[in-house]
Amino acid sequence: MALSIRLSRGGSKKRPYYRIVVADARSPRDGKFIEKLGNYNPLLAKDDEKRIVLDAERAKHWLAMGAQPTDRVARFLDVAGVKERAVRSNPKKAEPGEKAKERAEERAEKLKAQEEAAAAAAAAPAAPAEQPAEATADAE
């Protein structure tokens, strides 16, 4: 059985409250769990001691049994000093994808063409206006 240490959501709408639980990885997020290890209240201030309550001894036990923590729980365990979490670095995270780059290039080319057309129109001497008054006088 694959074990996972994860968050199980509780609380009401827009007022989340999480339990830190050990559960079978195949069970639903808020479903049956094996043991409750603590809780997490994201609405409390970050420096509040009741924000994360965790039973470190039981967490060590379950990690020894092969339970895999989720990313968020791994952060909690790292802060508690139970399990060290490897630091992740993704420098390309903010870089746009290929299609977004192509669209940006197309927009840049289009703007450049518009600017060139506007500059050409401004540089060309203004042609004198035609004399429609004579043409209308002959027609009458």
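The values are calculated or read from the model by the stated rules, or taken from the named source; none is laboratory data. All values derive from a computational prediction rather than experimental measurement. Positions of Cβ are generated from backbone atoms using ideal geometry, with glycine treated the same way; all protein chains shown enter the neighbour counts. These area figures cover heavy atoms from the full protein model, side chains too; ligands, DNA and RNA do not enter into them. Shrake-Rupley method; radii C 1.70, N 1.55, O 1.52, S 1.80 Å.
Cβ-Cβ contacts under 9 Å between residues 6 or more apart (or on different chains), taken from a first residue in region 47-67 that is within 16 Å of Asp78 (Cα to Cα) to a second residue that is polar (S, T, N, Q), are listed as Arg51/Asn41; Ile52/Asn39; Ile52/Asn41; Val53/Asn39; Val53/Asn41; Leu54/Asn39; Ala67/Ser4. Picking from residues in region 41-75 that are of a type outside the set (S, T, N, Q) and closer than 11 Å to Arg6 by Cβ, the one that is most open to solvent (accessible area, probe 1.4 Å) is Arg72. The set of residues in region 76-101 that are more than 16 Å from Leu37 (Cα to Cα), modelled with pLDDT of 90 or more, open to solvent by 100 Å² or more (accessible area, probe 1.4 Å) and not basic (Lys, Arg) contains only Glu98. On inspection, Lys32 passes the criterion of being among the basic types (Lys, Arg), over 26 Å from the mean Cα position of the chain (by Cα), open to solvent by 70 Å² or more (accessible area, probe 1.4 Å) and more than 16 Å from Phe76 (Cβ to Cβ).
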